1. What span do the alpha-carbon atoms of segment 397-532 cover on each of the three principal axes, reported in whole Å from largest to smallest?
2. Return an integer: the convex hull volume of the alpha-carbon atoms of segment 326-457, in Å³ per residue.
3. So how far, in whole Å, is the C-alpha centre of segment 437-479 from the one of segment 68-122?
4. At q = 0.16, 0.18, 0.22 Å⁻¹, what base-10 log of I(q)/I(0) does the Debye formula yield for segment 222-339 when every alpha carbon is treated as an equal point scatterer in vacuo?
5. What's the carbon and sulfur percent of the chain's accessible surface, probe 1.4 angstrom, rounded to a whole number?
6. With each label point set 7 Å from Cα along the Cα-Cβ vector, what nm distance links Ala250 and Phe509?
7. With a ≥ b ≥ c the root eigenvalues of the C-alpha gyration tensor of segment 133-233, is it rounded (a/c under 1.5), prolate (a/b larger than b/c) or oblate?
8. Suppose every K and R has +1 on its Cβ and every D and E has -1 on its Cβ; what is the size of the dipole of segment 310-458 about the Cα centre, in Debye to the nearest 20?
Amino acid sequence: MSQSVVNVLLLYPRFQAGSFWNYQETCALVGAKYPAPPLGLITVAAMLPDSWEPRLVDRNTTELRDEDLAWADVVFTGGMLPQQRDTLAIIALCQAAGIPVVVGGPDVTSSPEHYAAADFRVIGEAEGIFDAFIEAFERGERQGTFEAEKFKADVTTTPVPRFDLLKFSDYVQVNVQFSRGCPFTCEFCDIIELYGRKPRTKGSAQILAELQALYDLGYRGHVDFVDDNLIGNKKAVKAFLPDLIAWQEAHGRPFELSTEASLNLADDTELLKMMQQAGFFVVFVGIESPDPDVLVATRKKQNTRRDIAASVHKIYEAGIFVIGGFIVGFDEESDRVADEIAGLIDEAAIPVAMTGLLYALPNTQLTRRLAAQGRLHAEFDIADAEDIKGDQCTAGLNFETLRPRAQILADYRSVIEQVYSPGAYFARLRKMVSMLDMSGPNGDVMNARLFSDLKKLGRLVWSITLHKREHRGHLWRMIAYTLRHNPRALNPMLQMVALYVHLGPFSRFVLQRIDEQIAEIEDGNWAQPALVAAE
Ligand code: SF4
């Protein structure tokens, strides 16, 4: 039986500007447009029947053309909270054009009520419910809500994402995912609410097929494992890593890898060694706070009873550099919080320290506690907001704080000022370079890749030298230092310098925004938002 073709426009919403992770200035230095592509949409694209034809438009890299909309029989969209505003705009655009629109992804799962205007809502993980949507659409239905049973999606059935829909040169990295979920209980975390505390993993053959697909399409370079916590199921990851190492060896080590992991990674030398051999060169670690009382209260117990700086150094000894996450605004923190956090970032020698204000995300233990205590601010309507610029670096503390709000903001301001002055940033980078043991395979591979793409290297070095005058002295001193002390760390060092081209101005933007908020409070102009009624 022949079926008519259904044209599916995958429309990835814009992330709001002014975010720590939206490092477009750095992307431009390496000739890319955006950090990473939309893994969720290209995975859904791979679940479509043969008679459905997908076309991808990433609004972060590409303008949406009228002919794209005219071509579409249906639009798929959705993403994370920082994309909510553009997702709502896309829904309105599609409805004005009379095209049915389907929303899915983490934000619709956390806050489905915000997306009531969409024709279809896919709530939860797509595997297991997507077929029901396809059948309904093919039956002629034009609205509905499809909700997955929580934490039950079988990721071993997830198909290889349609990487062929991507224009690789638009992105700094490409993403894959091995596992979903995390066994820990951090109070502020939405991952465990979305994906559960029992990590579910793909099989080795399955994830290697994804890497093979990227390889066959000609992609080389940075691949990010977007797992919530790659080592959440240590047994599974330890079973997978030998296969990954063998695959990398057999293919001439085409990919350098990054991921997210909990700090207990530092306790497992065998695992660190395997990750180094597999080609991991950077890991994001949520450290949050040096204060044990804060960590216990926020249920981040895996970071207590340890020397955090020493744990980070242990990861450096495996040739993997750490991007650290820190949070200001916990109930239990003391007035010493600014110096304690800045001191830890310096001692641990973490150049890129993502320091944000505590934000109660929808549907988390923290949000439920604050609501029960009558301290949670009611959400404002993001679609009506005039100026949504920033993330939890400038728009946190969506609740009544225990310490004076202005004091918390001043402490936060102090951390940003201390940590992102050029002198402090490059001093940490120097320390990190001196500690990073690049004697593993990544040292040679990453430098070889750096020198094989002289155009990219030249663009990076000369752009900074010619156009970023405030950074050029630091760049050349760092190059000289690295060549003298640890030449195999040249590539990661340059990546850190390139990131500072974003982080330097971004930190000044944050300081300005925080100063405005402090002034508003001190001048008596801060209007306390409405509170969610305590149950
Ligand atoms: S370790 Fe990370 S992913 Fe796991 S619960 Fe804590 S914040 Fe969430």
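1. Answer, in whole Å and largest first: 57, 32, 26 Å.
2. Cα convex hull per residue, to the nearest whole number: 188 Å³.
3. 40 Å
4. Each listed q maps to, in turn, -0.75, -0.91, -1.23.
5. For the chain, the apolar C and S fraction of the accessible surface comes to 52 percent.
6. 4.4 nm
7. oblate
8. That gives a dipole near 440 debye.
The values are calculated or read from the model by the stated rules, or taken from the named source; none is laboratory data. All values reported here derive from a predicted model rather than from experimental measurement. A quick note on method: Cβ atoms are made from the backbone with ideal geometry, for glycine too, and the neighbour counts reach across all protein chains shown. Remember, those area values only see protein heavy atoms, side chains included, never the ligands or the DNA or RNA. Shrake-Rupley method; radii C 1.70, N 1.55, O 1.52, S 1.80 Å.
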